[in-house]
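The structure appears below as structure tokens.
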Amino acid sequence: MKLGIIGGMGPLATAELFKRIVNKSDVQIDQQHLNILIDNNTAIPDRTAYVLDKGPDPTFELIKTARRLEEMESTFLAMPCNTAHVFYEEVQSKVNIPIINMVDETCKYISSLFARGTKVGILATDGTIASKVYHDALKSHGHIPLSLDKDCQQYIMDIIYSIKAGKAPISRQHFDNCTNLLIRQGAKPIILGCTELSILKEHFKLSNPFIDPLDILTRSILKHAKIKEK
């Protein structure tokens, strides 16, 4: 079993997935860990910019990276970027090995915990929100997606791109104010629908009601590789 990670979206999130896979693997020696190839392709254009008609199409670089990892004998792939799942079907169609769908796995996980009709908050990039990749997936599982208002959405975008720039967010109170708006609308779980927000989870020590797709992707990878999780 060999995992190929379509990385570079951003590099810190790519490194975080690798770290979580290693830390969550219940193994005794080096040789029991999963063999992992990482293509940290920082040439992949910004996904949100493309969705909003403000930048080039990332599909070519995503496919090139997936094919390169396949040629290097990866047996399955993962993309630690929520917005990149807008392009999931097209990329999957161009390779002969499976790509774990982080968005779908997250919605399956939510369905295992909550009844149909549950309201689910979404924190994500403008591209993920505009594309409705989580909205559509949640609806297909019978749930009701909730988004932020314009001001709070801009705050979340500022957080995401500050983390990409290597800066630590400082306003926990503003974050709480925005997420509390979702909770008051009836959101039970809230998806941290950007891998930079997965990093924020560690910084702010977030727990319930937040659901971290990067954690779910990690579990799905270990399950696919038949490696016991700690």
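The values are calculated or read from the model by the stated rules, or taken from the named source; none is laboratory data. No experiment lies behind these values; they were computed from the predicted model shown. Positions of Cβ are backbone-derived with ideal geometry, glycine not excepted, and every protein chain shown enters the neighbour counts. Remember, those area values only see protein heavy atoms, side chains included, never the ligands or the DNA or RNA. Shrake-Rupley method; radii C 1.70, N 1.55, O 1.52, S 1.80 Å.
The value for the chain of Rg(Cα) / (2.2 N^0.38 Å) is 0.98.
A simple count of charges around LEU206, restricted to other residues whose Cβ falls under 14 Å of its Cβ and scoring Lys, Arg +1 and Asp, Glu -1, yields -2. When the chain is described by a simple charge dipole with +1 on each Lys and Arg Cβ and -1 on each Asp and Glu Cβ, the residue from SER74, ILE183, ALA225 located farthest towards its positive end is ILE183. Full extension of the chain between LYS2 and ASN23 gives 5.8 nm of extra length, using 0.36 nm per residue less the Cα-Cα distance.
The mean sequence separation of alpha-carbon pairs under 8 Å and at least six residues apart, normalised by the residue count of the chain, gives a relative contact order of 25 percent.
From largest accessible area down, sort HIS203, HIS135, HIS224; use a 1.4 Å probe on the protein chains. Each step should come with its number before you reach the end.
Details: HIS203 95, HIS135 20, HIS224 65 Å².
Largest to smallest exposure gives the sequence HIS203, HIS224, HIS135.
With pairing defined as another cysteine C-beta under 4.7 Å, the cysteines of the chain that fail it are CYS81, CYS107, CYS194. Compactness of region 108-188, taken as the C-alpha radius of gyration over 2.2 N^0.38 Å, stands at 1.16.
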